[in-house]
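Written below as structure tokens is the structure these notes are about.
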Amino acid sequence: MLDPTDREDKAKRVRVLFVCMGNICRSPTAEAVFKQLAQCSGLGDRIHSDSAGTHDYHIGEPPDDRAQQAARRRGYDLSALRARQIRREDFTEFDYVLAMDGHNLQLLARSCPAEHRGKLTLLMQFSAEQPGRDVPDPYYGGPQGFEQVLDMLEDAAQGLLRRIRESLG
């Protein structure tokens with residue numbers, strides 16, 4: 001049996017899922033950036049984050065080497081992360097389901113039960129500098145694309161953390 005304080009702590013925990021197409025570039029980077037930001041802010045024990053892809057292209061694979069290298073230069077470690085595809089139960093389990101771009105947001109909306117559609121939005125809705133913009137997929141570009149993605153994700157993660165902090169009181 002759960003102690004009432006354990007139940008209270010679980011009720012206050014916020015769960016965030018970052019979603020891109022293959023879960024090897026943008027969404028695992030967003031997960032790592034946000035996880036570290038939450039930890040550094042003292043909210044690491046109250047926020048759970050994960051990432052997934054709308055497609056099954058890379059299930060079980062680590063993040064793209066270029067994403068890992070760019071992240072490592074900024075102090076983020078993606079090495080333990082492995083790609084997975086979004087599951088139906090994710091819509092129930094997570095409080096925020098954040099797409100990296102409009103195309104993946106549309107794919108999520110098609111498979112999301114109606115009662116959970118309010119959890120879906122673009123991650124960049126939380127950006128102070130570029131609200132509502134798509135996070136571009138750097139997969140087919142050069143190293144600068146991964147740096148641009150990191151800039152965008154760091155900005156949006158700050159805004160998301162502010163929103164969650166406000167909701168936690």
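Numbers at a glance
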read-out: Region 148-165 residues that are modelled with pLDDT of 95 or more, paired with ones that are surrounded by 18 or more Cβ atoms within 10 Å (Cβ to Cβ) and among the basic types (Lys, Arg) (beta carbon under 7 Å, 6 or more apart); value: Val149/Arg26
read-out: Evaluation of Met21 against (1) exposed (fewer than 15 other Cβ atoms within 10 Å of the Cβ); (2) within 23 Å of Gln148 (Cα to Cα) (one fails), failing number; value: (1)
read-out: Residues satisfying the stated conditions in region 12-51, i.e. touching an Asp or Glu at 6+ places or on another chain (Cβ under 6 Å) and either over 17 Å from Pro62 (Cβ atoms) or without any contact (Cβ under 8 Å) to a residue 24 or more places away in the chain (or both); value: Val14, Arg15, Leu17, Ser49
read-out: Region 51-73, residues that are charged (D, E, K, R) and in contact with a helix residue (DSSP H, G or I) (Cβ under 6 Å, 6 or more places away or on another chain); value: Arg66
read-out: Test: residue in region 79-98 that is in a strand (DSSP E or B), aliphatic (A, V, I, L, M) and modelled with pLDDT of 95 or more; value: yes
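For (1) surrounded by 13 or more Cβ atoms within 10 Å (Cβ to Cβ); (2) among the hydroxyl-bearing types (Ser, Thr, Tyr); (3) in contact (Cβ under 8 Å) with a residue 40 or more places away in the chain; (4) closer than 23 Å to Glu166 by Cα, each residue gets a yes or a no:
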site	(1), (2), (3), (4)
Leu105	yes, no, no, no
Leu120	yes, no, no, yes
Leu123	yes, no, yes, yes
Gly132	no, no, no, yes
Phe146	yes, no, yes, no
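The values are calculated or read from the model by the stated rules, or taken from the named source; none is laboratory data. All figures in this text were calculated on a predicted structure; none of them were measured in a lab. We place every Cβ from the backbone using ideal geometry, glycine too, and count neighbours over all the protein chains shown.
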